[in-house]
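**Q** Right, I'll just put the structure down here and ask away after.
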There are 2 protein chains.
Amino acid sequence: MINLGMASLRLYAGLVGYPSGFCARSLRTLSGMTVSQIDEEVAKLLELKVQLGGDEGRHQFTLKTAKGTRDYNPKQMAIREKVFNTIISCFKRHGAENIDTPVFELKETLTGKYGEDSKYDLTPASWSGNSLFLDPTPSQVPFARYLAMNKVTNIKRYHIAKVYRRDNPAMTRGRYREFYQCDFDIAGQYDPMIPDAECLKIVHEILSELELGDFRIKVNDRRILDGMFAVCGVPDDKFRTICSTVDKLDKVSWEDVRSEMVKEKGLSEEAADQIGQYVSLQGGMDLAERLLQDAKMSQSKQACAGLTDMKQLFSYLQLFQVTDKVVFDLSLARGLDYYTGVIYEAILTQTGPVPVAAAQNGAGEKAEEGVSVGSVAGGGRYDGLVGMFDPKGRKVPCVGVSIGIERVFSIMEQKAEASAEKVRTTETQVMVASAQKNLLEERLRLTAELWNAGIKAEVMYKKNPKLLSQLQHCEDSGIPLVAILGEQELKDGVVKLRTVHSREEIDVSRDKLVEEIKRRTSDV
Amino acid sequence: MINLGMASLRLYAGLVGYPSGFCARSLRTLSGMTVSQIDEEVAKLLELKVQLGGDEGRHQFTLKTAKGTRDYNPKQMAIREKVFNTIISCFKRHGAENIDTPVFELKETLTGKYGEDSKYDLTPASWSGNSLFLDPTPSQVPFARYLAMNKVTNIKRYHIAKVYRRDNPAMTRGRYREFYQCDFDIAGQYDPMIPDAECLKIVHEILSELELGDFRIKVNDRRILDGMFAVCGVPDDKFRTICSTVDKLDKVSWEDVRSEMVKEKGLSEEAADQIGQYVSLQGGMDLAERLLQDAKMSQSKQACAGLTDMKQLFSYLQLFQVTDKVVFDLSLARGLDYYTGVIYEAILTQTGPVPVAAAQNGAGEKAEEGVSVGSVAGGGRYDGLVGMFDPKGRKVPCVGVSIGIERVFSIMEQKAEASAEKVRTTETQVMVASAQKNLLEERLRLTAELWNAGIKAEVMYKKNPKLLSQLQHCEDSGIPLVAILGEQELKDGVVKLRTVHSREEIDVSRDKLVEEIKRRTSDV
């Protein structure tokens, strides 16, 4: 009843024109009230509400969803489901398990885990004191917490979930407060670069199967970056900040990046220019080999370790036949502090139907899920994160990839808009129909028979629907078959099976109907 | 950079022992700071953090999930997936579309829509002023808002989503702050009781397929209840409160219910006793017919309308062959105000593996998702809700059902625990293995071939794994087949295909391998 009291007080505040913050504050002063006093108060308020128009006041507000959120209609959901199915099938093909971690993590779990990105306090007001975060963190953090807490030392898992964001939404730019995250990770102590190569293979498979257009997967290594910074004369304490400047190279010109490094971050011009020479390099295994011979680069142990692994990675990628899309790119510098080895990012290369939301998203800020312009997947190796949670600091090496699934959705939606092909929002195989009156019961009986046999069937909820409206519904929603019942068919123990697109009709004996429907819709 | 400032201030508050509310308040006084001043402050704080132990301080806290939440491990997720698949397949078999509404709704959308249950304000602290609710409301409310807002007049849809609850969690009793809701609804102006009957058919199918044990579906009608109250002499303004007392009949004895009606709610003893005679009645179409002839009941137009529809409902249920499980039960009185016609609730009748959580859940409070002891599904007709959102009050009749999916999960988990059968957490069909050294590349090549052919395959991420450990992994995770490569097999262009459970091995020519694996795992 306390809750009713609070709800009504809130209502009261609204009715008498108090500012919206009224309730939280005034409730404190009400804390001395007993439950029955509150009940009384509530009764009075509800009466007041009735006087003020009660439910008649319901039409005064504009219908809308909450700020930063949106509905998904059946067509959008059908597209989402297709995307999910493609992605999850791929994860399962690679033997991944599914785990789920809560959308909230304790504040102490998140603190200090991701550098400049700890901006996600979404603790509900009514939960205050519980030190919770609502969490659109990179899902690697809850994953690492899960591994450490459950002492899991090796797992291959995926996780797809809605997450929530604190930022002010910018819906026109595709930024919402509620959105999906999709992650695949491999945890465990293994021989170098084998799971890393599988992650890239997975990105290649998913992007190919989704048919988003041509793509490229850029690969680099945190150790190569750090080694490069070292040999170019970047002071140790400037690695991270210089790294985040380099990270902007996919959005702004080298001149701007150089200027930021020199003018804002105080790097010497020589160092900046040396970096400039390296970050313009792109290639494959050959580039890794060349850099291993590079007079300067080869002075860094770290860089050499990274480059040796890069060679190894490319040899596995060759076996996986995905090197056509993978580029070793020294300008790739993903922001998150916890990466320790290989990093990668997949981008769409065509100038075709890249959504406006995605394109604008990159203007001056990191895009959704930490991926940049045109980016649809990204990830890397993070060998230190689990150890940060383990009481004894035991490390569990991890490598993973996040699919920029919201961007994929919007691209797929745009493609569907542009395409002549209709998106089906149901999977119904057959409509049970009748041309004559008074056959509702027969239609229902047959429909139930089909349902029980596992056939996806619909029937109109009208006693005597017109045949035309039944056929029209099939046209509209893409139902391929109609099972038509009439007096004659019932007498003959048959059903007239009509193919919607060809309008061809044949009589099918009732006991063969299920089989015939299955045969004709086996590709559905 | 502002965000970094806030994060670090929060951190600082924690380090120097300020109460957790410190930050929000002190930030206001800091609002005059410039970005660069904040940057400076942040740098100092991060330094302080390092001095205080920096990352070494990471081991001081206990690893746990946030209050009221839990992780789901792969086994639990496999069970969830199986349940979801069963339920979603059923919804799709009935031609349902999928829509998604946000987990938040505007406060004004929710206000006044569900009587005594408006207790769900979970607005994140950082969103205050936005009048949002985090919403574990019955999903009918966002659904009705969706229909009115998008002017949808007919749809058959399902919606499965995680929702969040404000209540203090009671995890030992199965009450969490984060849980799933699963709903199916049919909206549209149709001939009476046809969609209503389909909802019951769907409950029947789902509960049968899930094999949760024997069940019963109780049916009643809000109009029959109201008519009954009227003819028993309950004053109009006491209908709702008496109704919610009757609703307790599945948990407490008639004596207790009677006592509450008379002593607490001031009903006359005669009225209470007359109600007592009706609410003890159970039956089927026969009972509806009998009550239509009942001297008292037949005086109520409302009751007669409900009883006539009940007869109609049972005639459709007979066609659907589900009357074996459906009982017309006059004691069923679901709490939610917005029901206008038929109401129903499915309960498990066996005393078998009903989870402790579920059983205890009903003690003195409504169980999760508004269902009562043993209840696994419930719903009804709500013809007025959409009209409450429509500017012109246009009604869209709706009927729907919620599956108590969290309870289903826990029952399935208990069944899995009790069963000897192992729950597979992956769908891997084949493990690509080797008995000899130096065949990593060959294993990877073959694995990629299989992936590309759509086979679910795993390979160990070791250069030279032992055959025994590869076979052990198959045993552990239920992988049925092993494709073994050796020098001889490579020379012969074959693969040794081993069936794990029988240990039988045959040589399969490499170009027939995919086909052979598909043939042997076609039931997977």
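**Q** Measuring from a point 7 Å out along Cα→Cβ, what nm distances, shortest first, does B:LEU468 have to its partners in the other copies?
**A** B:LEU468 label point versus its equivalents elsewhere: 7.8 nm.
**Q** If each label sits 7 angstrom from Cα along the C-beta direction, how far apart, in nm, is B:GLY213 from its counterparts in the other copies?
**A** Values, ascending and in nm: 5.7.
**Q** Determine the equivalent ellipsoid of the stretch A:462-524 by diagonalising the alpha-carbon gyration tensor, then write out the semi-axes as square roots of 5 times the eigenvalues, largest first, rounded to whole Å.
**A** Equivalent ellipsoid semi-axes, largest first: 18, 17, 9 Å.
**Q** Can you work out the FRET efficiency for the pair A:LYS162 and B:LYS82, with r the C-beta to C-beta distance and R0 = 30 Å, to the nearest 0.05?
**A** 0.90
**Q** Of the DSSP beta bridges with both residues in the stretch A:401-524, give the percent that are antiparallel, rounding to the nearest 5.
**A** 55
**Q** Determine the shape class of the stretch A:404-524: with a ≥ b ≥ c the square roots of the Cα gyration tensor eigenvalues, call it rounded for a/c under 1.5, and otherwise prolate if a/b is greater than b/c, oblate otherwise.
**A** In terms of gyration-tensor shape, prolate.
**Q** Using the basic label-point model (7 angstrom from Cα toward the beta carbon), what is the B:ASN464 to A:GLN293 distance in nanometres?
**A** Inter-label distance under the simple model: 3.1 nm.
**Q** Can you give the FRET efficiency to the nearest 0.05 for A:LYS301 and A:SER259, using r as the Cβ-Cβ distance and R₀ = 41 Å?
**A** Step by step, r from the Cβ atoms, then E = 0.85.
**Q** Further, regarding this structure: According to a simple spin-label model (label point 7 Å from Cα along Cα-to-Cβ), what is the distance in nm between A:LYS518 and A:GLU417?
**A** Going from the A:GLU417 label point to the A:LYS518 one covers 4.2 nm.
**Q** Can you pick out the pairs among A:LYS75/B:LYS82; A:LYS107/A:LYS151; B:LYS107/B:LYS301; B:LYS201/B:LYS251 whose Cα atoms lie more than 30 Å from each other?
**A** B:LYS107/B:LYS301
**Q** Which distances, in nm and shortest first, link the B:ARG290 label point to the same label point in every other copy, taking 7 Å along Cα→Cβ?
**A** 9.2
**Q** Here is a follow-up. Obtain the nm distance between the two label points defined at B:ASP324 and A:ASP286 by a simple spin-label model: each point lies 7 Å from its Cα along the Cα-to-C-beta direction.
**A** Roughly 7.2 nm, to one decimal.
**Q** A 31 angstrom limit on the alpha carbon distance is what I want to check against. Which of A:LYS325/B:LYS463; A:LYS162/B:LYS462; A:LYS156/B:LYS437; B:LYS156/B:LYS392 exceed it?
**A** Details: A:LYS325/B:LYS463 25 Å; A:LYS162/B:LYS462 35 Å; A:LYS156/B:LYS437 24 Å; B:LYS156/B:LYS392 23 Å.
Pairs exceeding the cut-off: A:LYS162/B:LYS462.
Read-outs throughout are calculated quantities, based only on the coordinates presented, and are distinct from any laboratory measurement. Values in this document were obtained by computation on a predicted structure and should not be read as measured data. Don't worry about glycine lacking a Cβ; one is built from the backbone with ideal geometry, like all the others, and counts go over all protein chains shown.
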